[in-house]
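Laboratory data are not the source of any read-out in this text; all were calculated from the coordinates shown. Bear in mind that the values here come from a model prediction, so they are computed numbers and not experimental data. Cβ placement follows ideal geometry from the backbone for every residue including glycine, while neighbour counts extend to all protein chains displayed.
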Amino acid sequence: MTRSVMVRQASGVDLDVLSVLVAEAFSASPVGVWLAPDATDRPLVLGRYARLLVSWGLEHGQVDTTGDGSVVAVWHRRPEVPVPSAAWMYDLHRVLGPHASRFALWHAYLDAVVPHVPHAHLAHLAARPGHDDTARALLTAHHQVLDTEGLPAYAQLPGGRPRESLLAGLGYEPRSPILLEPDGPALWRMWRPSPGNGRSCGGLPPRARLRRGITPLRGRLLPTPPGSP
């Protein structure tokens, strides 16, 4: 028997609980290690970043959660409700201080390869261990709204098997990955087309490579030449 899942929009009263959930997910991810290389500082740094990410989602986007707070999804609409990058970078440096540089680099990577058409961006998904079915139900509820609006969805997924992921089971197709340098993991760009568009990536660059040494102010997106690995 399938247990029903209550999906609701989060509010400010959920900030503390959901921030901890997001921080724990980052701590267990290779992305979190890359963002905060110092293991001693990592819990504090990722905790502050997670709180900023969730608070921005509450103010500028939409944060979905469940009745028991076991799953959280942070969504932003682009370009209808873009995250103001200058204000975001200001808050990032204000909250993280000397640890902000790598996080700013991280967002420069992400912003360089976002789709060029209106879409919903799944900025972050976090779930307690063993709650994949709950996460699937939460995302399905949001996808139903997007399908009604005819809006595609976009996400980034760390790891080496994107076609076996929860997102792939919900209709997301992997595109070429973002390579986080130096020495970082790969982030697969995942695209869920709107109904009627088949497998079209609709404005998502089909292949891209980001050079080592990119900075938030001087980064440049380079197309991968045909035949390149």
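Shown in residue order for segment 129-143 are the 3J(HN,Hα) couplings computed by the Karplus curve 6.51 cos²θ - 1.76 cosθ + 1.60 at θ = phi - 60°: x, x, 10, 4, 5, 5, 4, 5, 5, 5, 5, 4, 4, 6, 4 Hz (x for Gly and Pro). With the gyration tensor restricted to C-alpha atoms of segment 44-93, the semi-axes of the equivalent ellipsoid amount to 20, 17, 6 Å, longest first. Computed from backbone phi, the HN-Hα couplings of segment 92-106 come to 4, 6, 5, 7, 9, x, x, 8, 6, 4, 5, 5, 5, 4, 4 Hz, rounded to whole numbers (Karplus: 6.51 cos²θ - 1.76 cosθ + 1.60, θ = phi - 60°; Gly and Pro given as x). Considering only Ala127, Thr65, Leu105, the residue lying farthest towards the positive end of the dipole of segment 35-168 is Leu105, judged by Cα position with unit charges set on Cβ. With a simple spin-label model that places each label point 7 Å from the Cα along the Cα-to-Cβ direction, the separation between Asp147 and Ala86 comes to 4.1 nm.
Multiplying the residue separation of Ser29 and Arg163 by 0.36 nm and subtracting their alpha-carbon distance yields 46.4 nm. For a modelled paramagnetic label at Asp68, 7 Å from Cα along Cα-to-Cβ, the residues of segment 129-161 in reach, with backbone nitrogen under 15 Å, are 129-138. Each label was represented as a point 7 Å from its Cα along the Cα-to-Cβ direction; for His93 and Leu179 these points are 3.0 nm apart.
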